[in-house]
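Some notes on the structure that comes next.
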Amino acid sequence: MEHGQRMTDGRKRWLWLAGAVVWLGLPWLVFGNNYVLSTLVLIGLYALVGTGMTLLMGYAGQISLGQAAFYGMGAYTSAYLTAHAGWPAWLALVAGAALAALVALVVGIPVFRLREHYLALATLGFGVIMFTFFKEWKGITGGLNGFFGIPPIRIAGIPLQSDWQFYYLVSSFVLAGGWFARNVVRSRVGRALRAIHGSEVAASSLGVNITKYKLQIFILSAVYASVAGSLYAHYVTFINPDLFGIIPSIYFLIMVIIGGTASVWGGLVGAAVYVCLGEWLKAVVPLLLPNAGGEFEIVFFGLLLVIMLIYMPNGLTGVAPQGLRRCWKTSWRQSERATAVDSHKARSIGGEQG
Amino acid sequence: MSAMLLEVEQLSKSFGGIQAVQNVSFYVKKEDIVAVIGPNGAGKTTLFNMISGIVPPTSGFVRFQGAIVSGKQPHELAMLGMTRTFQNLQLFADMTVLENVMVGFHSRLKSGIVSAGFRLPRTVKEEKQAQEQAFFCLEQVGLAHLAWERAGTLPYGMQRLVEIARAAVSRPSLILLDEPMAGLNPQESKQLVDVLLMMREQGFSFLFVEHDMETVMAIADRIVVLDYGKKIAEGAPEEIARHPDVIKAYLGEEAV
Ligand SMILES: Nc1ncnc2c1ncn2[C@@H]1O[C@H](COP(=O)(O)OP(=O)(O)OP(=O)(O)O)[C@@H](O)[C@H]1O
Ligand SMILES: [Mg+2]
């Protein structure tokens, strides 16, 4: 038994090491190919939004069809404050997150009185309103012409402009965001969220303040989206309202459903599949349908969404092969079991009762 | 004379034209075990829903540990030390048995989303404590070996036990049990009666609805009888067993 434990610990350490090598060495593994790196940056940005949404949808069981609005809030706040007000990019990023959190709080209080499709419709409405704001508030957002010339983000005075620099920046955020989400899930708060998903009436009669937790997780998901939006603005240096409308919100939803909610990394998996499929479509469709416009993409992903919901409602992380799933499930269950039994033994030896 | 725990005063509830509960008053003292009995549709569940804050009363009020609590939300009552189980099970089916019971410990922990997200030492300590308490509680009801099973996969009788463990793990001052024996086979019922008797020994107070008269007579200190939403009798088990109205309304049916 102890031997087995040490074996899995050893194997785990190797897995961690291999993961770290792949993560850090990736820009070299792809020979600095900018196309690959920029694809990875995009995956990372969407993964960040997706991680927040996975917490909201997968764990708390609440839906948001307006998540791109928070992505846009982060992007425009960073753009405006750095380009026109001369703020440092990091401070602007924090300001964007604070604004998104505040808006999520104000919107969430009335909206989370609703459930299921009413909630979906209300968040959709919120997305439409924010999109209109981005389009019409020309003094700040530049309207439909877009916002040009967003200055770069700096670390220790060095402006980050190349794809590999952004790869490290964004992937660090994804890892940190995933770590934070994982910690939330494995805590009192995560249990409360899953309890709400399971039975609201039971959760509340055990002391879970349902309204508070729904709001908190909505705010957290807004912060994730806003941070991703800020990074995106500094990455592309040009933004326009179409990136933050209803269609992007739907795509975020599709990513979360593809990735699934069996793990907080579902957002990352979904974003990777979505971006890769999208790139593949761009390459393949013109060969098959020379006159097809951009709409084929939404048709394709719409169909994919329906198929996923029918045949794979738990998404990819929900059907991952046992072996892979064990990496993120059983290993911690085993350690949890060990500590529970150990501490229990310790108490029995101490002779303390109830 | 022990202290008052729960006082129900003239509580009423109507759903449209239906008077589900009418002017019901009774009390539960510390370390009391009080049973609420009555035929189907007598208003027992509605009464429980009002006491636990799930349904607002039409009139009347509830006092818990000396303070008026009508109008409070269920989670506020849980924080004050009142938890409950449900007639139709409300387990968190996708969570493990241990996690279900750990949710029951929610009211005793403090970690918020920030402390949890950064896994601050305080959270780590709290998690360990929650796990220990939940495990201990499962051991007491004899389910420790099932701690890591998904709750939804357990047989019905064990799910009932998990629900009771979940309501008891925070050591509330009062637990409401709505038909804890419903749907159990004789062996499971016996196991549950043992658990309830053990909890009684440990000084738990509870208010429970039960149809099984044998259980009620065995564990209740006092019995409140409802019929068509009204309280028709209240007293010690032996008094209730002899009460003519009760025999007519309730025991009569069973005696035939
Ligand atoms: N939400 C509701 N809306 C309308 N009527 C209701 C509602 N809840 C309960 N009732 C009615 O109130 C009356 C009392 O119901 P309640 O569930 O409290 O009875 P009970 O004593 O728990 O019955 P049982 O032994 O079957 O569980 C019934 O006539 C029922 O139909
Ligand atoms: Mg009932």
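Data for the structure
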quantity	calculated
Amide H contacts under 5 Å for residue B:111, placed H, 5+ residues apart	none
Selected from A:52, A:126, A:150, residue furthest toward positive end of dipole (the protein assembly as shown; charges at beta carbon)	A:150
Given charges at beta-carbon only (K, R positive; D, E negative), |dipole| of chain B in Debye	940
Cα lying deepest toward the dipole's positive end in segment B:92-171, options B:142, B:111, B:95, charges on Cβ	B:111
In sequence order, calculated HN-Hα J values of segment B:93-101 (Karplus, 6.51, -1.76, 1.60; Hz; x Gly/Pro)	4, 8, 9, 6, 4, 4, 4, 4, 5
Pairs from A:214/B:231; B:110/B:230; B:30/B:110; A:212/B:128 whose Cα-Cα separation, in the structure shown, is over 32 Å	A:214/B:231; B:110/B:230
Sequence of A:276, B:137 once ranked by neighbouring C-beta atoms within 10 Å, starting from the fewest	A:276, B:137
Net charge dipole size for the protein assembly as shown [Lys, Arg +1 and Asp, Glu -1 on Cβ; Debye, nearest 20]	1600
Set of aspartates and glutamates with alpha-carbon distance to residue B:190 below 15 Å, sequence-local pairs under 8 removed	B:179, B:210, B:212, B:214
Neighbouring partner chain Cβ atoms per residue of B:134-144, average, 10 Å criterion	2
Number of partner chain Cβ atoms within 10 Å, mean per residue of A:21-32	0
Nearest 10 degrees, 0 to 90: helix A:266-288 Cα axis against chain A principal axis	40
Part-to-part distance (alpha-carbon centres) for segment A:11-32 and segment B:10-52, which is given in Å	63
Euclidean distance between Cα centres, segment A:205-239 to segment B:138-211, Å	39
Principal axis box of segment A:62-242, alpha-carbon based, largest edge first, Å	53, 35, 22
Peptide B:76-87, shielding by other chains (average Cβ, 10 Å cutoff)	3
Net +/- balance of residues flanking residue A:247 in space, Cβ distance below 12 Å, scoring K and R +1, D and E -1	-3
Selected from A:221, A:249, A:187 as most flexible by GNM, with chain A as the system and alpha-carbon contacts under 10 Å	A:187
Angle in degrees between helix A:116-136 and the longest Cα principal axis of chain A, rounded to the nearest 10	40
For residue B:104, net neighbour charge (Lys/Arg +1, Asp/Glu -1) across residues whose Cβ lies under 15 Å away	+2
Dimensions (Å) - the protein assembly as shown, Cα atoms, principal axes, largest first	88, 63, 48
Proximal charge balance of residue A:181 [Cβ under 14 Å; K/R count +1, D/E count -1]	+4
Those trypsin sites (Lys or Arg not before Pro) in segment A:106-193 that DSSP places in a loop and that have at most 15 other beta carbons within 10 Å	A:113, A:115
Test item: Cα-centred dipole of segment A:62-242, Lys/Arg +1 and Asp/Glu -1 on Cβ, debye	600
At q = 0.09, 0.12, 0.14 Å⁻¹, base-10 log of I(q)/I(0) for chain A (Debye sum, equal scatterers on each alpha carbon)	-0.55, -0.94, -1.24
Translational diffusion coefficient (Stokes-Einstein; Kirkwood radius from C-alpha pairs) of chain B at 10 °C, 1.306 mPa s, in µm²/s	83
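Rule-based calculations on the coordinates, nothing more; no lab input. On a predicted model such as this, the values are computed, not experimentally measured, just so you know. Ideal geometry is used to build each Cβ from the backbone, glycine not excepted, and the neighbour counts take in all protein chains shown.
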